[in-house]
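What follows is a set of notes on a single structure, which appears directly below.
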Amino acid sequence: MLPKLPVVFQAALLLAASNVFMTFAWYAHLKNLNERPWWIAALFSWGIALFEYLLQVPANRIGATQLSLPQLKILQEAIALAVFAPFVLFYMEQPLKLDYLWAALCILAAVYFIFRS
């Protein structure tokens, strides 16, 4: 039997899965439904977003038991960028730029500062 994961890891795993759905809900329609009316893309996105919320709400409730709200938010933002980069590169087939690395380092600095106490 596997040991129970620490709360931060439970929240992070759920947030990572949630962010996969969120990223597709927010951006996949730009590739797949670009020729359709906006309201069709919106309905499609809302359908995907339901699964995002089914993971995000428990992730935040679990995380809030041991993390402050700012810690939870910065953790979510860092995970969102970690999910977004491969999405842009592999799914949307757009190149990553060096500036994205610098932006990611700024987010990592935010994670450091919010969790250092």
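Miscellaneous remarks
- Among A110, P70, Y91 - extreme Cα towards positive end, dipole of the range 7-115, charges at beta-carbon: P70
- log10 of Debye I(q)/I(0), alpha-carbon scatterers only, for the chain at 0.09, 0.16 Å⁻¹: -0.30, -0.85
- Whole-Hz ³J(HN,Hα) from phi, Karplus 6.51 cos²θ - 1.76 cosθ + 1.60, for the range 34-51, glycine and proline x: 4, 8, 8, x, 4, 5, 5, 4, 5, 4, 4, 5, 4, x, 5, 4, 4, 5
- Per-residue Karplus couplings for the range 96-113, computed as 6.51 cos²θ - 1.76 cosθ + 1.60 with θ equal to phi - 60°, are listed in order as 8, 10, 4, 4, 5, 4, 5, 5, 5, 5, 5, 5, 4, 5, 4, 4, 4, 5 Hz, Gly and Pro entered as x.
- Take every Cα pair under 8 Å whose residues are at least 6 apart in sequence, average their separation, divide by the length of the chain, and the relative contact order is 33 percent.
- Extension gain from K73 to L43, taking 0.36 nm per residue of separation minus the Cα-Cα distance: 8.1 nm
- In this label model, L96 and F115 are separated by 1.9 nm, measuring between points 7 Å along each Cα→Cβ vector.
- Crossing angle, helix 7-27 versus the chain [Cα axis fit, 0-90 degrees, rounded to tens]: 10 degrees
- Extended-chain gain in nm, criterion 0.36 nm per residue less alpha-carbon gap, L89 and Y53: 10.5 nm
- Backbone HN-Hα couplings from phi across the range 62-79 [Karplus 6.51/-1.76/1.60, Hz, Gly and Pro as x]: 5, x, 5, 6, 9, 10, 6, 4, x, 5, 5, 5, 5, 4, 4, 5, 5, 5
- Nearest-0.05 FRET efficiency for E35 and F9, computed from C-beta distance (R0 35 Å): 0.25
The numbers here are math on the coordinates, done by the rules we state, and not lab data. Because the structure is predicted, anything quoted here is derived from the model rather than measured. So basically every Cβ, Gly included, is an ideal-geometry build from the backbone, and we count neighbours across all protein chains shown.
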